[in-house]
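Reading through the structure tokens given below for one structure.
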């Protein structure tokens, strides 16, 4: 059943990728552009239900929320692109599932909890690495003599000028 759920999920996401991305980004504009927003939302809900039902046998009801949220949160720490986020989320979920199953088999402990703990360990590594990466970027920018701070009061907005947000 899990293999069938995986096939359904991958197929549905490949078919619905662009409309789903458009609907998630801005529902009103997607609807105005002719995207069948209601159909996309129902399709996504059905895919999510298939995944939840298939994973109940392995994880149990209480651990499903963690196994759905942790890979997506981990991927969000690693990338800002929706396509890369989707791929990273699937990869983190797959790696934590396989590694957790192997660990639970060889350590003779519960598989659901081991999968979630493995996903949590991956999340922790991603969190620490993103914090270190931000620290390195900040310190390298602060030490750079080329760093120029421009406030919005000093910036003139004219036609043709690009204005970008800085994190």
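The values are calculated or read from the model by the stated rules, or taken from the named source; none is laboratory data. None of these values were measured; they are calculated from a predicted model. Counting neighbours? That spans all protein chains shown, and the Cβs are built from the backbone with ideal geometry, glycine included.
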Lone qualifier among 103, 119, 99, 88 - being surrounded by 15 or more Cβ atoms within 10 Å (Cβ to Cβ), at pLDDT 90 or above and closer than 19 Å to residue 25 by Cβ = 88
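So how many residues does segment 1-24 have that are crowded, with 16+ Cβ neighbours inside 10 Å and more than 17 Å from residue 82 (Cβ to Cβ)?
Final tally of qualifying residues: 1.
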Between residues in segment 106-131 that are over 24 Å from residue 61 (Cβ atoms) and residues that are surrounded by 14 or more Cβ atoms within 10 Å (Cβ to Cβ), which pairs lie under 7 Å by C-beta distance while being six or more apart or on different chains?
-> 126/74; 126/77; 126/78; 127/77; 130/77
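Against the condition in a helix (DSSP H, G or I) and modelled with pLDDT under 85, how does residue 153 come out, does it pass? Let's see the steps before the verdict.
Working: in a helix (DSSP H, G or I): no; modelled with pLDDT under 85: yes.
The answer is no for residue 153.
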Just name the residue that is farthest from the chain's Cα centre (by Cα) out of those in segment 25-80 that are free of Cβ contacts under 8 Å to residues at least 12 places away in the same chain and either on the phi > 0 side of the Ramachandran plot or buried (at least 18 other Cβ atoms within 10 Å of the Cβ) (or both).
-> 34
